[in-house]
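The values are calculated or read from the model by the stated rules, or taken from the named source; none is laboratory data. None of these values were measured; they are calculated from a predicted model. All Cβ positions, even for glycine, are placed from backbone atoms using ideal geometry, and neighbour counts span all protein chains on display.
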Amino acid sequence: MAQKKYTQTQQVIDTLRKCGGYATLGNLYHLVDTKSWATKTPNESIRRIVQQSDDIFKIQPGLWALEECRNEVMRKFDIQTKEGKDDEHFTHGFYQGLLIEIGNMRHFTTYVPAQDQNRKFLEKPLKDLCSTIRIPSFSYGNLTDRARTVDVIWFNERKMPNSFFEVEHSTDIQNSVTKFCDLQDFSSRFCIVAPKNRMEQFKKVMSRTAFKDVKERVEFRSYEQVTKLYETMCIQQSIGGLI
């Protein structure tokens, strides 16, 4: 009897099993051995496989798991599936983790607030991903204290804030923009990261007169955009590209 062919899909499934039943797409790009694949775009093939295989399901944009491990994985991350809603605590930590990972790959010093440092990115505490658990003293105490509450900060080599990120899954976007207003005198990037269906809410907040001074400086990035950037960075690293 002829031996059954070991397919690309089976390779991806076996890699997910070795990872405990789940993995980010970025990790799959690194871990799946595609040397024997007859394609010049193996990463696109991996992306197609996770999207189309009935044996694989999406937890978040960019995070995939095996159907055979669904209950175990959802329980591990304490994700509630009632009414189709993901657990906000998990989602918030996941996107903080992606932002930290991107910042690290870009060689920034990365920071999350003390109250979030034990929150997990998958199974790893955010404090274990960050470059520092103490915010650099880059300005007056009142401004440093205000910055201390921002979800993710990237600092440059001079320990000045390059970028401030607020992850807004369902809470009031206005509160985050108010923080950015308080920090507007720094030459920094301000970014709201949220589900794409919150774009209209973001635009409504930014149209308010109180925020006219920062209106052109605050960006909106959807979860999908952050995930795509993370995956692109992972590809660049896997092929030795410059970050």
All positions within segment 185-212 that are part of a strand (DSSP E or B) and either of a type outside the set (D, E, K, R) or not assigned by TED's automatic domain parsing to the domain that holds His92 (or both): Phe190, Cys191, Ile192, Val193, Ala194
In segment 172-187, the residues that are of a type in the set (S, T, N, Q) and buried (at least 22 other Cβ atoms within 10 Å of the Cβ): Ser176
Filter pass, Ser163 being surrounded by fewer than 18 Cβ atoms within 10 Å (Cβ to Cβ), touching a residue at least 60 places away in the same chain (Cβ under 8 Å) and closer than 29 Å to Thr209 by Cβ: no
Residue match in segment 140-158 (condition: modelled with pLDDT under 95, in contact with a Pro (Cβ under 9 Å, 6 or more places away or on another chain) and either of a type outside the set (A, V, I, L, M) or crowded, with 16+ Cβ neighbours inside 10 Å (or both)): no
Set Val152, Val193: member being in contact with a Lys or Arg (Cβ under 8 Å, 6 or more places away or on another chain) and β-branched (Val, Ile, Thr): Val193
Segment 123-160 - residue that is among the hydroxyl-bearing types (Ser, Thr, Tyr) and in contact (Cβ under 8 Å) with a residue 24 or more places away in the chain and, of those, nearest to Thr178 (Cα to Cα): Thr149
Conditions (1) buried (at least 19 other Cβ atoms within 10 Å of the Cβ); (2) part of a helix (DSSP H, G or I): number failed by Lys127: (1)
Residue count for segment 196-240, restricted to those that are touching a helix residue (DSSP H, G or I) at 6+ places or on another chain (Cβ under 6 Å) and small (Gly, Ala, Ser): 2
Scope segment 6-20; condition outside any helix (DSSP H, G or I) and either touching a Lys or Arg at 6+ places or on another chain (Cβ under 8 Å) or within 22 Å of Glu72 (Cα to Cα) (or both); matching residues: Cys19, Gly20
Looking only at segment 131-169, and only at residues there that are assigned to a loop (DSSP other than H, G, I, E, B) and touching an Asp or Glu at 6+ places or on another chain (Cβ under 6 Å), the one that is farthest from Met199 (Cα to Cα): Asp151
Candidate set from segment 21-48 (those that are without any contact (Cβ under 8 Å) to a residue 60 or more places away in the chain and within 17 Å of Glu72 (Cβ to Cβ)); member that is surrounded by the fewest Cβ atoms within 10 Å (Cβ to Cβ): Gly21
